[in-house]
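**Q** Below you'll find the structure I mean.
The values are calculated or read from the model by the stated rules, or taken from the named source; none is laboratory data. Not measured: the values here are computed from a predicted model. Please note: Cβ atoms are built from the backbone with ideal geometry, for glycine as well, and neighbour counts cover all protein chains shown. Accessible surface is based on the protein model in full, side chains and every heavy atom, while ligands, DNA and RNA are left aside. Shrake-Rupley method; radii C 1.70, N 1.55, O 1.52, S 1.80 Å.
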Amino acid sequence: MTRTVGELLRQWRRVRGLSQLEFASRAGVSTRHVSFVETGRTAPSRDMVLRLAEHLSVPLRERNRLLIAAGYAPVYLERSWDGPEMTAARHAVRQILDGHRPYPALAVDGRWNLVLANSAMTVFFDGVDASLLEPPVNMMRLSMHPGGFASRVTNMPEVRARLLFRLAGQVHQSGDPFLTSLHREVISYGTSEAVVRPGADDIAMPIRIRHGGQELSFINMIARFGTAFDVTLDEIAVESYFPADSSTADALNQKH
């Protein structure tokens, strides 16, 4: 069933936890106008769709979907990550990843498929089932599959809960059938325990993994392009791992 632009905007407003009054105030329009758009009593202009989407921080892919639902052509390009027009972007991401060595770093697309990684990612890739490293390598699958590196993560229940929470949030926001299927798949790898929302004190929860006869401990940070005007580039996320203790730092520095 095709959803109207009003229904999609209402969904995004609720995802962002905003009342119609709060949303209207942010967007600089009347509450009446927001209500009329959401219920289909008013057909928003192209500029209004983009304005409302901007104030809801809607991802570019979903902004195109809003425009199509409103009867307009999409405005954001979606170019191939491997294409020549993305050469500069790939080079920039490669510089970031290589500059992070001797610590692990990688880049994934909006569906958690690996697009680039530095050589230090062998900490995670070593010993995993070869079939999981066949392109496209999905990092969510690789993290939780029994043949992936889950068996070497010593705090896997906490890591799994964090990853499932993040993936569930993406499913809720995007409605992407691929992410929905991936969420069901990775849930099936683990036990039936409830996934608990991470607390405020979990902001720097480490991932502890056995590698080379010792336990390494990392915290990670995710960065995105802040001014992307291309759907593909907007969805690229760079994930950098930092040593959570001095013994991990020493072990990695000694290898490089």
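**Q** Taking region 220-256 as the search range and keeping residues that are more than 17 Å from the chain's Cα centre (by Cα) and among the aliphatic types (A, V, I, L, M), which one is most open to solvent (accessible area, probe 1.4 Å)?
**A** Going through the qualifying residues, I end up with Ala244.
**Q** Sort out which residues of region 35-53 are in a helix (DSSP H, G or I) and touching a residue at least 24 places away in the same chain (Cβ under 8 Å), and write them in order of number. Please lay out each step first, then the result.
**A** Of region 35-53, the ones in a helix (DSSP H, G or I) are 35-39, 46-53.
Residues satisfying the conditions are Val37, Glu38, Thr39, Arg46, Val49, Leu50, Arg51, Leu52, Ala53.
**Q** Just the residues that are without any contact (Cβ under 8 Å) to a residue 24 or more places away in the chain and either among the acidic types (Asp, Glu) or part of a helix (DSSP H, G or I) (or both), please, taken from region 12-33.
**A** Scanning region 12-33 gives Arg14, Gln20, Leu21, Glu22, Ala24, Ser25, Thr31, Arg32, His33.
**Q** Take the residues in region 148-186 that are among the hydroxyl-bearing types (Ser, Thr, Tyr) and in a helix (DSSP H, G or I); name whichever of them is surrounded by the fewest Cβ atoms within 10 Å (Cβ to Cβ).
**A** Ser181
**Q** For region 128-137, state whether one or more residues are within 21 Å of Asp234 (Cβ to Cβ) and either over 20 Å from the mean Cα position of the chain (by Cα) or not β-branched (Val, Ile, Thr) (or both).
**A** Checked region 128-137: at least one residue is within 21 Å of Asp234 (Cβ to Cβ) and either over 20 Å from the mean Cα position of the chain (by Cα) or not β-branched (Val, Ile, Thr) (or both).
**Q** Filter the helices (runs of 4 or more DSSP H) completely within region 56-147 down to those with at least 2 residues that are among the small types (Gly, Ala, Ser) and open to solvent by less than 20 Å² (accessible area, probe 1.4 Å).
**A** Working: elements: 60-69, 87-99, 122-125, 139-144.
Hits in region 56-147: none.
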